[in-house]
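What follows is calculated from the coordinates using simple rules that are stated; it is not laboratory data. Please read these numbers as outputs of a predicted model, since none were measured by experiment. As a convention, Cβ positions derive from the backbone with ideal geometry for all residues, glycine included, and neighbour counts pool all protein chains shown.
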């Protein structure tokens, strides 16, 4: 079997040269402040700036280095087995609206590609969801009947166009995939042309309220605006919307494998767990396939490299793999009813917006979120407003059990970390590995680099106080409660945390 790359690197990021922007270090006055330079924030900036609205975008790190740069880049309305569940719990009308919103997002992306003449390897493909489990045969049948009710162009199938074993599946016609950063790179250029100001390495810490909301940053800057869009994956400003209790973070893994023979058509994902997502990809003119899956709650589990190895095992069993050239992982948030939260952060904060909970289907959901928030700002009617409203009533009967489960899980990890007092031997620690130990009564995470230098951090997450766990596949400290992630030195990789882990001087 082929070997995995030693380092985690996204092909999308590795294959483009993105522009760089300065830090913001002073006061700024604008009409709309967008926090987060991923697909949601940049699409919103583009749509707003086209209407002559003054926009400022800030990004905590480098633009497009978050989920947008780590996706599988499927542009599809087939978001797993979702439509039968939506019909049962929120009604056929709302299920139809969910499909329509994402379909319109796909059409908007196509329009943008045409308007800006973007070469982003946009390819129309059919999307398949299939099962090899007898337990899921009825689910596939029920999902197909939901497709029929909603008028989705689809078929029930007993065989896939590629040589993957399956018992039953559904095909949704005329979906697509693309190169996400080649697409958004051109959006950034159009934004700059329209007068949008971008600032990198400028992290939003909080929002203050006077006559207008102002965003306070870690660079001692303050941005005054009429509206704030939180496109930062997780809302840095909660506004007592209680978002930590209403969604959880989930990671997934991707490998890019070179094949001796091209996959000619289609995008694929299985219905059962562990998940296996498949799509073709061209890298340097050669045939590759992206294999993704192995989702789990962030910061939970051990030996994270096992997820990459499981994907490689699947690829080796089903394709003629000649090399594995990239591996990377992604993180997204999942809401109680599986519908994203898009709109005013709370009912009492109408000019601060949030877009989160895309459930790993972010290409269309991000674009829809940008369009919906743009409409709310410019006072256009949008028929999807109530469906995605963060203040909506969650109507799923199982949601009460989910709330209890989510928050019991958070409490378990919070208490467990506080009670443990590990005593790892630092002398025995191998290079490029980490451990948690106790030093002078304090719980400390220690990483040893290839030069035998030790880095110590306080393992208490700076968000809400849970204890982080080591992620050996990314060399990061990950929070099992709400998904914050930190480098081995304690710097922030992913929020909701806005402060780094405290560094510990080791003896």
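Can you tell me the length gained on complete extension of the stretch residue 296 to residue 222, counting 0.36 nm per residue apart and subtracting the Cα distance?
Difference between extended and current length: 23.0 nm.
With only alpha-carbon pairs counted, each pair once and no self-pairs, how large is the Kirkwood hydrodynamic radius of the range 30-167 in angstroms?
17.9
Please give, to one decimal in nm, the separation of the simple spin-label points placed at residue 378 and residue 193, each 7 Å out from Cα toward the Cβ.
1.7
Based on the Cβ-Cβ distance of residue 439 and residue 260, what FRET efficiency does E = 1/(1 + (r/R0)^6) give at R0 = 51 Å, to the nearest 0.05?
0.45
Using 7 Å Cα-to-Cβ label points, what is the residue 155/residue 121 separation (nm, one decimal)?
That separation, rounded to one decimal, is 2.7 nm.
Can you tell me the FRET efficiency between residue 318 and residue 273 if r is taken as the Cβ-Cβ distance and R0 is 25 Å, rounded to the nearest 0.05?
0.90
Calculate, in nm to one decimal, what residue 100 and residue 348 gain on full extension: separation in residues at 0.36 nm each, minus their alpha carbon distance.
Computed gain between residue 100 and residue 348 is 86.4 nm.
How high is the FRET efficiency between residue 23 and residue 425 when r is their beta carbon distance and R₀ equals 41 Å, given to the nearest 0.05?
0.50
Which whole number of Å³ per residue matches the convex hull of the alpha-carbon atoms in the range 145-275?
In the range 145-275, the Cα convex hull volume per residue is 242 Å³.
If you count, for each residue, the other Cβ atoms within 10 Å and average over each peptide, how do 347-354, 146-153, 323-330 line up from highest to lowest?
323-330, 347-354, 146-153
Pulled fully out, how much extra length does the chain show between residue 134 and residue 113, if you take 0.36 nm times their separation in residues and subtract their Cα-Cα distance?
Once the chain is fully extended between residue 134 and residue 113, it gains 3.4 nm.
Using helices alone, what [θ] at 222 nm do you get for the chain, with -39,500 (n - 2.57) per DSSP H run of 4 or more residues, divided over all residues and rounded to the nearest 500?
Taken over the chain, the calculation gives -8500 deg cm²/dmol.
Modelled label-to-label distance, residue 310 and residue 16, 7 Å Cα→beta-carbon offset: nm?
3.0
For the chain, give the share of DSSP beta bridges that are antiparallel, in percent and rounded to the nearest 5; count only bridges with both residues there.
Just about 80 percent of them are antiparallel.
What ranking, highest mean first, results for peptides 454-462, 204-212 when packing means the other Cβ atoms within 10 Å averaged over each residue?
454-462, 204-212
Restricting to Cα atoms and excluding each atom paired with itself, what does the Kirkwood estimate give for the range 442-507 in Å?
11.6
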